[in-house]
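Colleague: One structure follows; several queries about it will come next.
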Amino acid sequence: MIRQMDDRDLERILEIENQSFGKSAWTREDFLHERDVTPYGRVVVYEDTDGQVAGYLAYWDFEDRAEITNLAVAEEKRCLGIASALLEWMIGLSADGDWQNITLEVRVGNQNAIRLYKRFGFEIWALKKNYYGTEDGYLMGKEDLG
Ligand SMILES: CC(C)(COP(=O)(O)OP(=O)(O)OC[C@H]1O[C@@H](n2cnc3c(N)ncnc32)[C@H](O)[C@@H]1OP(=O)(O)O)[C@@H](O)C(=O)NCCC(=O)NCCS
């Protein structure tokens, strides 16, 4: 089940966030800020059949486009299609035709994520030099949202 992030999810989210991103992990405040302060910020979680949060997706919902700001799945729940389910859900949101594109940034070395995004029709639009400090990033985008 995919649903809005609840305060009670934060502990589990931070566990997944820290194991996924280490030093560049978002904090509790970052998640709350995205949900409660950023006007176009959204955070949804994937709740597994056992009732536990297995992954989450944060994005910016602008009027004419969207941007994925965070996506992670618990280590022990990877390769089960959870990130795919979250991406499919988000792409489904564009069915009303308001978004012209969905973009995201990813580390050039994050081959797992890049492969996943490409499978969903995202393409590399630009190389962002030193976007992650010493590591370059790719701007990826998907326009065909039909
Ligand atoms: C990138 C990330 C979100 C992918 O999450 P995930 O839930 O494992 O992704 P999925 O299961 O949907 O897809 C991953 C792979 O599993 C495969 N898979 C999906 N369901 C499967 C199943 N039932 N059986 C076997 N393989 C399966 C997919 O085909 C996919 O293969 P690919 O590597 O060729 O793309 C996860 O690895 C992660 O959290 N990484 C750390 C954080 C991160 O890098 N986030 C992205 C930042 S931009």
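Colleague: Among Val73, Val53, which is the only one that is more than 8 Å from the ligand (Cβ to nearest atom) and surrounded by 21 or more Cβ atoms within 10 Å (Cβ to Cβ)?
Modeller: Values: Val73 fails: more than 8 Å from the ligand (Cβ to nearest atom).
Exactly one of Val73, Val53 is more than 8 Å from the ligand (Cβ to nearest atom) and surrounded by 21 or more Cβ atoms within 10 Å (Cβ to Cβ), namely Val53.
Colleague: Here are some conditions: (1) crowded, with 17+ Cβ neighbours inside 10 Å; (2) touching an Asp or Glu at 6+ places or on another chain (Cβ under 7 Å). Gln100 meets all but one. Which one does it not meet?
Modeller: Unmet condition: (1).
Residues are listed down the side, and each one gets a yes or a no for (1) touching a strand residue (DSSP E or B) at 6+ places or on another chain (Cβ under 7 Å); (2) more than 7 Å from the ligand (Cβ to nearest atom):
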residue	(1), (2)
Val45	yes, yes
Met90	yes, yes
Ala95	no, yes
Leu104	yes, no
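Colleague: While we're here: Given the residues Ala83, Ala66, Ala113, which is the only one that is crowded, with 17+ Cβ neighbours inside 10 Å, within 11 Å of the ligand (Cβ to nearest atom) and within 22 Å of Gln4 (Cα to Cα)?
Modeller: Details: Ala66 fails: within 11 Å of the ligand (Cβ to nearest atom); Ala113 fails: within 22 Å of Gln4 (Cα to Cα).
Residue meeting the stated conditions: Ala83.
Colleague: So, in the stretch 7-43, of the ones that are farther than 21 Å from Ile102 by Cβ and in contact with a strand residue (DSSP E or B) (Cβ under 8 Å, 6 or more places away or on another chain), which residue ends up surrounded by the fewest Cβ atoms within 10 Å (Cβ to Cβ)?
Modeller: Here the answer is Ser24.
Colleague: Might you check whether a residue that is modelled with pLDDT of 95 or more and over 27 Å from Thr134 (Cα atoms) occurs anywhere in the stretch 19-33?
Modeller: For the stretch 19-33, residues modelled with pLDDT of 95 or more and over 27 Å from Thr134 (Cα atoms): present.
Colleague: List the pairs whose first member sits in the stretch 77-93 and is at pLDDT 95 or above, whose second member is in a loop (DSSP other than H, G, I, E, B) and of a type outside the set (Lys, Arg), and whose Cβ atoms are under 6 Å apart, counting only residues at least 6 apart or on separate chains?
Modeller: Leu87/Phe120
The values are calculated or read from the model by the stated rules, or taken from the named source; none is laboratory data. Note that the structure is predicted; figures quoted are calculated from it, not measured. As a convention, Cβ positions derive from the backbone with ideal geometry for all residues, glycine included, and neighbour counts pool all protein chains shown.
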